[in-house]
Protein chains: 2
Amino acid sequence: MERQQIEQIVADVLMELKETTVPASQHSMIPVSVSARHVHLSPQHIEALFGKEYELTKQMDLSQPGQFASNETIIIAGPKGSLQHVRVYGPSRRSTQAEISRTDAIKIGIRPPIRQSGDIAGSAPFTLIGPAGSVSLTEGLQIAQAHIHMSPRDAQNFGVTNGDFVSVEIRGERPLTIHQVLIRVSDRFRLEMHIDTDEANAGFIRSGAPGRIVPGQAVDRLRW
Amino acid sequence: MERQQIEQIVADVLMELKETTVPASQHSMIPVSVSARHVHLSPQHIEALFGKEYELTKQMDLSQPGQFASNETIIIAGPKGSLQHVRVYGPSRRSTQAEISRTDAIKIGIRPPIRQSGDIAGSAPFTLIGPAGSVSLTEGLQIAQAHIHMSPRDAQNFGVTNGDFVSVEIRGERPLTIHQVLIRVSDRFRLEMHIDTDEANAGFIRSGAPGRIVPGQAVDRLRW
């Protein structure tokens, strides 16, 4: 219980520093997209897992411009089990990273931290197994922090800036509000909120469901 | 999209009818308990699955008085797979029912509805397999609606009554507000909120974490 209390105090302080209060007038819908477990691979790890000079082949485009799901899948292994058929996303990235759910993590016996995509330092160690070989990494396994991709114009409309945190309510059969949702702004981004399969299953949420930034309801104002 | 819109309108109307506004002064902590998948069996199904005149043996008491986790486990089977080692809760009940998560349901290929415990009519069909036999049922499989057990005195303190719906915020590393949480009042109940493993994993919530009824924040007042 003590550790939990400390974690909570830390979380409280962080939220008070970061959470943004969105003006009540701005509450357009944001389409939600559910991200299943996947990996991003560096060029050298693509070769190590699939063979020399191997190149990923596109299965389908993802919603963010230039990103695609490849035909390739790999295995993620941990001390207690493995996750089969994990989709590789392309194109290749500078650093290899894997995004799995907490449910996945419990199954394979690893406790990855919750992280923003690309923020790899200090994330969990894991092993990847492909048809041509395996790679053991000291970091790169993480649980993705819920986030919203948006253009600078969207950001202006919503009254938020890159790096802000907001709360998003998603209604349906099992309504849920996800707090501490990170705002990511780039002119390459299309408006879309990304959640993982645990968040999706907790809220019976399917891709395409509308989310809504809760206006004026910064969590730091709810006192404990 | 059309079906989703209809579902949402129905959910909106239901919430406006049901959601309770809790006075701002009343916000004590409620301990959260995470319920893993489990089954409650009728006396005749205990015999069908474990053998004639078989009686459940207690492994440990559960938090609600008189309820216990037994040493016995069974298999829940669906068209796409099965869930092994599902714990049987005792004592026996008049009707057999199983509570699983959405993640479990997807794995075995069934779409059970979200239900209050005991509200079995029209829930999903499923098969139970035990060491002495199997039972196929036309209903009884469900996903548990998040709920709070409390005594009449607790209900008075919180300003709620049996059957009300409230929103509960659970803070931590991955803060979450669960809406449409059912209030269940009985003088046999001990104050405790029950959520399932999807809700727990979406919020990094462990049993013992404190939840808090959101004061004056009825979801029906947040317009879409």
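The values are calculated or read from the model by the stated rules, or taken from the named source; none is laboratory data. Note that the structure is a prediction, hence the values are computed from the model and not measured. Ideal geometry is used to build each Cβ from the backbone, glycine not excepted, and the neighbour counts take in all protein chains shown. Ligands, DNA and RNA are stripped out before the accessible areas are found, and what is left, the full protein with its side chains, is counted by its heavy atoms. Shrake-Rupley method; radii C 1.70, N 1.55, O 1.52, S 1.80 Å.
Shape summary: the stretch B:36-144 maps onto an equivalent ellipsoid whose semi-axes, from the alpha-carbon gyration tensor, are 20, 16, 13 Å in decreasing order. Short-range pairs are left out: with C-alpha atoms under 8 Å and at least six residues apart, the relative contact order of the stretch B:36-144 is 31 percent.
Tell me, what % of the accessible area of the stretch B:36-144 is carbon and sulfur with a 1.4 angstrom probe? Spell out each step's value before the answer.
On the way: 2610 of 5200 Å².
Whole-percent figure for carbon plus sulfur exposure: 50.
With a Förster radius of 25 Å applied to the beta-carbon distance between A:Gln44 and A:Gln116, the computed FRET efficiency rounds to 0.60. Based on the Stokes-Einstein relation at 4 °C and a viscosity of 1.567 mPa s, and on the Kirkwood radius from alpha carbon pairs, the stretch B:38-80 is assigned a translational diffusion coefficient of 110 µm²/s.
Determine the gain in length on full extension of the stretch A:Ser151-A:Met29; use 0.36 nm per residue of separation and subtract their C-alpha separation, reporting nm with one decimal.
Taking A:Ser151 through A:Met29 to full extension adds about 42.5 nm, to one decimal.
Per-residue Cβ counts within 10 Å, from other chains only, averaged over A:71-84: what number is that? Spell out each step's value before the answer.
Details: counts 0, 0, 0, 0, 0, 0, 0, 0, 0, 0, 0, 0, 0, 0.
Taking all residues of A:71-84 together, the mean is 0.
Here's the picture: a label point sits 7 Å out from the Cα of B:Ala132 along the beta-carbon direction, and within the stretch B:31-60 the residues with their amide nitrogen under 14 Å of it are B:42-57.
Counting only protein chains, not ligands or nucleic acids, how are B:Lys52, B:Lys107 ordered by accessible area (probe 1.4 Å), most first? Kindly include the intermediate steps, with their values, before the conclusion.
Numbers: B:Lys52 165, B:Lys107 125 Å².
Order by accessible area, largest first: B:Lys52, B:Lys107.
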